[in-house]
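What follows is calculated from the coordinates using simple rules that are stated; it is not laboratory data. Nothing here was measured: the structure is a model prediction, and the numbers come from that model. Cβ coordinates were reconstructed from backbone atoms using ideal geometry, including for glycine residues, and neighbour counts include every protein chain displayed.
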Amino acid sequence: MPFRKFGDTDLIRNTIVAYPKVNFFIFDGDVYYNNRPDQDGKFSKVYSSEVGSINLYEYNIDKLAGSNEFIHPFITKQSAGASFKTVGQVSYSNEFVFGDRITGSYPMTASISREFMTNPSARSTGTNPVSGDTFATSPTHRHFYALKNRLNFLGQRSQHYLVSSSLGDKNSQTINLISIPSIAYGSQINPGSVSLKWYLTGSLIGELQDIKQNGELIQVGPEGSTGSGSVAGVVLYDEGFILLTGSWDLSSEQIGLTNGGSITEPQWIYYGAGAKDGVTQATAPAGYVSASFDMSFEGHTETQVLTMFAHAARGEVNFSNNPTYIAHNQTSLSLTSSTVFEENAERIIKNTVSSSFEDYEAPFQRQVYVSRIAVYDENKNLIGVATLSNPVLKKEDQDLSFKIKLDI
Amino acid sequence: MPTQYEPFNTSNDVTTTKTLLHEVIPITGSIVSGTYADGNIKNYSHGMFQSVYDYPFLSSSANHIFDITVGYDEESALSGAASVQNKKKINLYNQYAQVLLGYTGSTADGVRKFESDLLNDGQRAMKEVFFINFSRLITKDQIKKGSFALSLGTSSAFATPFADPRLVLADSLTTERTGFKNEAGGDYGVLYTSSVGINADSGVGNIFYQAGIAVITASVFNGVEMASSSAGGAQNVSEVLTGSAISGACDALRHRIFDLSFNNTTEINSKIYFCRVGHNKYNYSSNPTYLTGGEIRVKDVASDNPIAYITTIGLYSSTNELLATAKLSEPLRKDPTNELTLRVRLDY
């Protein structure tokens, strides 16, 4: 089989940048992803993951343990030392011998989550057993501590990021932190695409957008609303966090928005109440179900694409190794013995030229049907096969170019 | 931007490894026939195969799990002009046989036939077969050898297909190292039943591991009522293969599948870089927060050892372009009294 080399202009490497739209809707303790409902199936829920979660492989559709078993992964313990992240090092060493199966489970899911921090800089206290003195130990809100450096770094983009500035001190402000998993947006949230909407009994009472594309979440609506034009928080585009500190009243109507406690006016610090933060109708004071929240943004994904042009030039690629290319019932060998193997040189190629007339065979032409293109590496290892949807007729006097695209 | 780079010694610091990740794929027979009242079964106008999904296929949640079709060789007793879709069934058999087994070299009938053993000698040919073509989504790189099991109901009555003990077709003699053969379509093993002792004549099918295709001889259903009386009278398997379209024969097979399971395999290739940090290296940080007022923040006394905390490892190309970064789960203390070897693993 002859090989053809790609020329300098036959290989093109491109990057396709896409901005997938993402929407989360939060209502009554549930999160809905891209308006997908929680469907009932024949056995159980259609999605074995929670509604609002993004399922990594979307396996285990409508499954129920015991009657319709789950797909699950496993690794056999071997010298490479591979394991699942859920198996700790000690467990891996002590509980499994070589050859044992280490199992995991599907679905693997991710969703947004919300943390409500009334005193973000709070730390636990420990007591010196000798002196009886108390001292500060681990932070209560570790995620806030982990983000402090990053917030200060982004302070060069906007003063509103800074942990402590003339605009306020986040150490003591009440913070509403919404975490977005990267599977929802890719490499970053597209600046300028974030929109947070606060609905009270179905009416829009506030909308935040990052209209300056610098991470500031500015209240843009509804027109004339309290706090319009003010910055209620910031977005960390690369890290996937939304941090809200806006504490002005968006409405005078008081509803329950926290676990226990009392009813309060809607504020941005309560935005997203119920997004995997434990706030539900059962735990929040009356009126909680009046609130609903819509969060939308665009992600940013980059797909490397290799485009290859495979040329079948005139006078080339005009023979097939397919056995049916040769007419049927011919002697394939003219001579064979223990020392000689000679093929029949007179074998006839089957005439595949279509005739328009009955009982009339069209004159023979050299032609083949190209059905697939194989791509080899420099060591002639087959690394890919591109199959055409329909075989393409290639006549001897034709030049054909096939465009092969490969997403990497 | 680092001020110094540590070159890898490619013979000592870089190695490759391969991990096989498997998934257990159980497919309950009621999904294949019954649960969704065939809302998860797609037939096509070309009529050459039938697709089975794990949920009604009009839903975006549905995953394609396998295709079913049937075929017989032109030498089969069932082959004849009177058979429904006769040419298609012959062509399908030959197409599968060409792709999976290749050619004999003879001009008389150059295409190999499926056999109930691994000899490929023209003996014990299975000339009438069902094909189950699994989706790449669930077979991944290949089906794990020795893990395939298909449980079929072979009770004679159509209405109660699973009344008698079921016939389990499994690749019992195949392991990762033995009991398979490599042909044009990749490695394949023989499916044996649990009902008789395994011997040279007891094979009832083939399983092609890389291609993800199971070939099952129609003879496993001998003496079985394959189609219901209401749908054109009681039909045995031969009558179904000759008198029904391919879709009808596929329906008959689905009706007899009790359950099906196998393990798939994904090869994860990894490159491991051992990043060695000598005692006198990387004890200083270029992070702006490392200094306060021109002094190292973590030193109280001038004579103290410098201390740094390693949080990230950058992997650079030969032209010092940053290719990848590896993050530690927690910062690692580094001072002149310790040496570290950090193992960076890159899966692809």
Projecting the Cα atoms of B:GLY278, B:VAL84, B:ILE207 onto the charge dipole of chain B, where Lys and Arg contribute +1 and Asp and Glu -1 at Cβ, the residue farthest towards the positive end is B:GLY278
Starting from the Cα-Cα distance between A:TYR145 and A:LEU64, subtract it from 0.36 nm times their residue separation and give me the gain in nm to one decimal.
25.1 nm
For the stretch B:278-347, convex hull volume per residue from C-alpha positions, Å³:
120
Taking Lys and Arg as +1 and Asp and Glu as -1, residues besides A:GLY299 with C-beta under 15 Å from its C-beta add up to -4
In whole angstrom, and with the biggest value first, how far do the Cα coordinates of the stretch A:232-321 range along each principal axis?
84, 28, 20
If I stretch the segment between A:SER187 and A:PHE341 completely, what's the gain in nm (0.36 nm per residue apart, minus their alpha carbon distance), one decimal?
49.3 nm
Extension gain (nm, one decimal) between A:HIS328 and A:ASN14, 0.36 nm per residue minus Cα-Cα
108.4 nm
Loop chymotrypsin sites (Phe, Trp or Tyr not before Pro), the stretch B:11-113 (other Cβ atoms within 10 Å of the site Cβ: 14 or fewer; DSSP)
B:TYR44
Just from its helices, what would the mean residue ellipticity at 222 nm be for chain B, if runs of 4 or more DSSP H residues each count -39500 (n - 2.57) and the sum is divided by every residue, rounded to the nearest 500 deg cm²/dmol?
-3000 deg cm²/dmol
Which links in A:LYS77/B:LYS271; A:LYS63/B:LYS42; A:LYS85/B:LYS181; B:LYS42/B:LYS140 stretch past 27 Å when you go from one Cα to the other?
A:LYS85/B:LYS181
Which value, in debye to the nearest 20, describes the size of the charge dipole of the stretch B:278-347 about its Cα centre when Lys and Arg Cβ atoms bear +1, Asp and Glu Cβ atoms bear -1, and nothing else is charged?
120
On average, how many beta carbons from a partner chain sit within 10 Å of the beta carbon of a residue in B:20-27?
6
Averaging sequence separations of C-alpha pairs under 8 Å and six or more residues apart, then dividing by the length of the stretch B:206-348, give the relative contact order as a whole percent.
22
Taking every pair of distinct Cα atoms and averaging 1/r, then inverting, what Kirkwood hydrodynamic radius in Å comes out for the protein assembly as shown?
32.1
Jot down the per residue volume, in cubic angstrom and as a whole number, of the convex hull over the alpha-carbon atoms of the stretch B:19-267.
127
Scoring only Lys, Arg, Asp and Glu (+1, +1, -1, -1) among other residues with Cβ under 13 Å from the Cβ of A:SER354 yields 0
Only four residue types carry charge here, +1 at the Cβ of Lys and Arg and -1 at the Cβ of Asp and Glu. Report the dipole size of the protein assembly as shown about the Cα centre in Debye, rounded to the nearest 20.
980
What percent of all Cα-Cα pairs in the stretch A:108-232 falls in each 5 Å bin, counting up from 0?
2, 9, 13, 18, 20, 15, 9, 5, 3, 3, 2, 0, 0
Only helical DSSP H runs with n ≥ 4 go in: add -39500 (n - 2.57) per run for chain A, normalise by residue count and round the 222 nm mean residue ellipticity to 500 deg cm²/dmol.
-1500 deg cm²/dmol
For the stretch B:19-267, size of Cβ-based charge dipole, Lys and Arg +1, Asp and Glu -1, in debye:
260
Against the 2.2 N^0.38 Å scaling, with N counting residues, where does the stretch A:293-335 land? I'd like the Cα-based Rg ratio to two decimal places.
2.82
In nm, to one decimal, how far is the B:TYR290 label point from the B:ASN338 one, both placed 7 Å along Cα→Cβ?
1.7
Take every Cα-Cα pair in chain A and report what % of them are more than 37 Å apart.
52
Give me the inter-chain shielding for B:118-131: mean count of other chain Cβ atoms within 10 Å, whole number please.
0
Over all Cα pairs of the stretch A:12-115, how is the pair count split among 5 Å bins, expressed in % and running from 0 up to the last occupied bin?
2, 10, 15, 14, 13, 14, 13, 10, 7, 2, 0
How do A:TYR271, A:TYR19, A:TYR59 line up, fewest other C-beta atoms within 10 Å first?
A:TYR19, A:TYR59, A:TYR271
Mean separation of Cα contacts under 8 Å, 6 or more apart, over the residue count of the stretch B:12-157: relative contact order %:
18
With chain A treated as a Gaussian network of Cα nodes joined by springs under 10 Å, which of A:GLU302, A:GLU343, A:GLU58 yields the largest mean-square fluctuation?
A:GLU343
Would you compute the Debye intensity of the stretch B:162-208 from its alpha-carbon atoms alone, equal scatterers and no solvent, and pass along log10 I(q)/I(0) at q = 0.18 Å⁻¹ to two decimals?
-0.56
For helix B:246-256, what angle does its Cα long axis make with the longest principal axis of chain B, in degrees from 0 to 90 and rounded to 10?
80
In whole angstrom, note down how far apart the Cα centers of the stretch A:32-68 and the stretch B:33-83 are.
25
Calculated FRET efficiency for the pair A:SER164/B:LEU315, C-beta based, R₀ 30 Å, to 0.05
0.25
Provide the per-residue ³J(HN,Hα) series for the stretch A:78-94, in order, calculated from phi with Karplus coefficients 6.51, -1.76, 1.60 and θ = phi - 60°, each as a whole number of Hz, with x at glycine and proline positions.
9, 5, 5, x, 6, 7, 8, 5, 6, 9, x, 4, 5, 4, 4, 6, 8
Nearest-0.05 FRET efficiency for B:ASP304 and A:ALA110 at R0 = 41 Å, using Cβ-Cβ distance, is 0.40
Relative contact order of the stretch B:19-267: what whole-number percent is it, with Cα pairs under 8 angstrom and at least 6 residues apart?
26
Averaged over residues of A:55-64, the number of beta carbons from other chains lying within 10 Å of each residue's Cβ is 4
Counting Lys +1, Arg +1, Asp -1, Glu -1, what net charge surrounds B:PRO161 among other residues with beta carbon under 11 Å of its beta carbon?
+1
